[in-house]
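K.L.:
Dropping a structure here in structure tokens format, bear with me for questions.
The values are calculated or read from the model by the stated rules, or taken from the named source; none is laboratory data. Quantities reported herein were computed from a predicted structural model and do not represent experimental measurements. Cβ coordinates were reconstructed from backbone atoms using ideal geometry, including for glycine residues, and neighbour counts include every protein chain displayed. These area figures cover heavy atoms from the full protein model, side chains too; ligands, DNA and RNA do not enter into them. Shrake-Rupley method; radii C 1.70, N 1.55, O 1.52, S 1.80 Å.
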Amino acid sequence: QVQLVESGGGLVQPGGSLRLSCAASGSIFIIYTMGWYHQAPGKQRELVAAITSGGSTNYAGAVKGRFTISRDNAKNTVYLQMNSLKLEDTAVYYCNADIKASIVARLHDYWGQGTQVTVSS
């Protein structure tokens, strides 16, 4: 069984920074793309940023230049450095990873439990 555990959310003032972490544990053979999504109240869950196992990245337009996604493959961990935070960044942030549990297992999409990020003055 695979688990994704997020940490690093909290309350921050506009213009501030936060760093989210997400560690994958359990039966893991290989992790492909890892990413962060967010969901604000009353809205759909949206992609914030993603990173492949080779390090290629993809960002939502609203966060380009402010957020940086990175990963440590040795630790099965993905990070999201969020700078210059805005009120509209307030949301629950979810970690996502495409994982094969064994060499013969099919690829499965896993989600973390979510961590709240609140930007408020």
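K.L.:
Calculate, in nm to one decimal, what residue 83 and residue 104 gain on full extension: separation in residues at 0.36 nm each, minus their alpha carbon distance.
P.N.:
Additional length available on full extension: 3.5 nm.
K.L.:
Further, regarding this structure: What full-extension length gain, to one decimal in nm, is calculated for residue 75 and residue 29 as 0.36 nm per residue of separation minus the Cα-Cα distance?
P.N.:
That works out to 15.3 nm of additional length.
K.L.:
Here is a further query. Rank 104, 115, 91 by how far each Cα sits towards the positive end of the charge dipole of the chain (+1 on Lys, Arg Cβ; -1 on Asp, Glu Cβ) and give me just the farthest.
P.N.:
104
K.L.:
May I ask you to give the solvent-accessible area per residue for the chain, in square angstrom, as obtained with a 1.4 angstrom probe?
P.N.:
So the chain comes to 53 Å² accessible per residue, rounded to a whole number.
K.L.:
Give the relative contact order (percent, whole number) for the stretch 61-121; include only Cα pairs under 8 Å separated by 6+ residues.
P.N.:
Relative contact order here is 28 percent.
K.L.:
Starting from the Kirkwood radius over alpha-carbon pairs of the chain, derive D by Stokes-Einstein at 4 °C in a medium of 1.567 mPa s and give it in µm² s⁻¹.
P.N.:
D = 89 µm²/s.
K.L.:
At 0.36 nm per residue, and after removing the present C-alpha to C-alpha distance, how many nm does the segment from residue 57 to residue 11 gain when stretched out fully?
P.N.:
13.9 nm
K.L.:
Mind checking which lysines have their Cα closer than 27 Å to the Cα of residue 75? Skip sequence neighbours fewer than 8 apart in that chain.
P.N.:
64, 100
K.L.:
Also, quick follow-up: Of the accessible area of the stretch 9-121, with the probe set at 1.4 angstrom, what percent is carbon plus sulfur?
P.N.:
50 percent
K.L.:
Right, next: Can you give the local net charge around residue 111? Use residues other than it whose beta-carbon is closer than 13 angstrom to its beta-carbon, Lys and Arg +1, Asp and Glu -1.
P.N.:
Result for the neighbourhood of residue 111: -2.
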